[in-house]
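Each remark here refers to the structure printed beneath this line.
The values are calculated or read from the model by the stated rules, or taken from the named source; none is laboratory data. Quick caveat: nothing in here was measured; it's all calculated off a predicted structure. Glycine gets a Cβ as well: all are built from the backbone with ideal geometry, and neighbour counts include every protein chain shown. Note: accessible area is taken over every heavy atom of the protein model, side chains too, but ligands, DNA and RNA are not part of it. Shrake-Rupley method; radii C 1.70, N 1.55, O 1.52, S 1.80 Å.
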Amino acid sequence: MRAALRAGIGMPYECNVGSCGTCKIELVSGDVVSNWPEAPALNERDRARARILGCQSRPTGDCTIKARPGPQYQTGCLPQRFDATLGETRDLTHDIREFRFKLNTPVPFLPGQYALLHIPGVNGPRAYSMSNLAQEPDGSWHFQIKRTPQGAGTAAMFDQVQIGDKIGIDGPYGLAYLRTDSPRDIVCIAGGSGLAPMVSIARGVAANSAMSGIKLHLFYGGRGARDICGEDLIQALPGYGERFFFHPIISMPDSTSPDNWPGKVGFVHELALEVHGAKLTEHEIYFAGPPMMAQAVQTMLMQQKVPGGQVHYDAFY
């Protein structure tokens, strides 16, 4: 699948990590090796019908496959494989850190896209979204990564990868990129490290003169006050408070210190609905975050009858 995308063929995909099943193809002839034989997106019925996951299958020789490529899977930025050097880091919260990697040669990507990181000592790549724009003066790619309990990938990133170390990057990927041709205002909904692609999208809007009339509301949810970050990144954009708005909310305030959080309490999708209500249908909507949050957002948008073509989400979290 990734080889096809690098060659400019619009092979179907979404999560890129073996979970969603969008990339299922039929193996007509030849042999492949699976990077993840137990991938949840492939069941016994699929195997009986010689179906494989394009994102997890490596050919051992010439193969013939049956697939349904389409232009909707092409973004204009062909993914590439390259090495990058960790230049600097900074902590955004107690468990979210921004990692800034320097590239030898600039590689383009669209606001909202993600990449696969090949972390030394970790089996298999990990998918993380870029938070910056490809037009950085030094051509760097920034990732905001949340430490996951028992997560081998995030443990290695936080505890082992040091300034000056190199990692392999494969990207860009992702179909939830900024639609610069849409005339609609934008709603971004995020939780955890899902903040990264939403910040990239906001920065993309600010940098695009053709979108100078677009307003963007970023809704960000966390469990407690210490989980909230990102407002400073939105405040730095020209037009904050007029075109760009940040709406934080927490779901589990500290009952012993209720005054520590003066803001909204509840779930992030509820806050988006409270602010925009039925007018959500008039917006272009992007969201990213943990699976439970994503499912709640999807349900809410369906109930509000937001057209599917206005909703953008990459299901790899």
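Residues in the range 278-307 that are farther than 26 Å from residue 115 by Cβ and either touching a helix residue (DSSP H, G or I) at 6+ places or on another chain (Cβ under 6 Å) or surrounded by fewer than 16 Cβ atoms within 10 Å (Cβ to Cβ) (or both): how many?
Let us first name the residues in the range 278-307 that are farther than 26 Å from residue 115 by Cβ, namely 278-283, 296, 299-307.
Checking which are either touching a helix residue (DSSP H, G or I) at 6+ places or on another chain (Cβ under 6 Å) or surrounded by fewer than 16 Cβ atoms within 10 Å (Cβ to Cβ) (or both) leaves us with 278-279, 281-282, 296, 299-300, 302-307.
Qualifying residue count for the region: 13.
The condition (being over 24 Å from residue 276 (Cα atoms) and either without any contact (Cβ under 8 Å) to a residue 60 or more places away in the chain or not polar (S, T, N, Q) (or both)) is satisfied by just one residue among 201, 167: 167. Of the residues in the range 136-154, none is in contact (Cβ under 8 Å) with a residue 60 or more places away in the chain and either within 22 Å of residue 192 (Cα to Cα) or open to solvent by less than 10 Å² (accessible area, probe 1.4 Å) (or both). In the set (1) in a strand (DSSP E or B); (2) closer than 12 Å to residue 172 by Cβ; (3) within 18 Å of the chain's Cα centre (by Cα), residue 108 fails one condition alone, (1).
Every residue in the range 31-45 that is open to solvent by 100 Å² or more (accessible area, probe 1.4 Å) and touching a Ser or Thr at 6+ places or on another chain (Cβ under 6 Å), please.
Start the filter on the range 31-45 by keeping residues that are open to solvent by 100 Å² or more (accessible area, probe 1.4 Å), which leaves 31, 38, 44-45.
31, the sole residue that qualifies.
Of the numbered conditions (1) within 30 Å of residue 138 (Cα to Cα); (2) outside any loop (DSSP other than H, G, I, E, B); (3) touching a Cys at 6+ places or on another chain (Cβ under 9 Å), residue 27 satisfies every one except a single condition; which is it? The single condition residue 27 does not satisfy is (1).
Residues in the range 6-30 that are within 26 Å of residue 75 (Cβ to Cβ) and of a type in the set (Val, Ile, Thr) were compared, and the one that is least open to solvent (accessible area, probe 1.4 Å) is 25.
For (1) in contact with a Lys or Arg (Cβ under 7 Å, 6 or more places away or on another chain); (2) open to solvent by less than 20 Å² (accessible area, probe 1.4 Å), each residue gets a yes or a no:
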site	(1), (2)
185	yes, no
193	yes, no
221	no, yes
230	no, yes
238	no, no
241	no, no
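When the range 98-107 is filtered for residues that are open to solvent by 50 Å² or more (accessible area, probe 1.4 Å) and in contact with a strand residue (DSSP E or B) (Cβ under 9 Å, 6 or more places away or on another chain), the ones remaining, listed by number, are 100, 102, 104, 105. For residue 127, the criteria (1) assigned to a strand (DSSP E or B); (2) open to solvent by less than 40 Å² (accessible area, probe 1.4 Å); (3) modelled with pLDDT of 95 or more; (4) not β-branched (Val, Ile, Thr) hold in every case but one, which is (3). Of the strands (runs of 3 or more DSSP E) lying entirely inside the range 53-94, those containing at least 1 residues that are under 18 Å from residue 26 (Cα atoms), of a type in the set (A, V, I, L, M, F, W, C) and open to solvent by 40 Å² or more (accessible area, probe 1.4 Å) are 64-66.
Within the range 205-298, which strands (runs of 3 or more DSSP E) (wholly inside it) include 2 or more residues that are of a type outside the set (Val, Ile, Thr) and without any contact (Cβ under 8 Å) to a residue 60 or more places away in the chain? Give the derivation first.
Working: elements: 216-222, 244-250, 283-288.
Those strands (runs of 3 or more DSSP E) span 216-222, 244-250.
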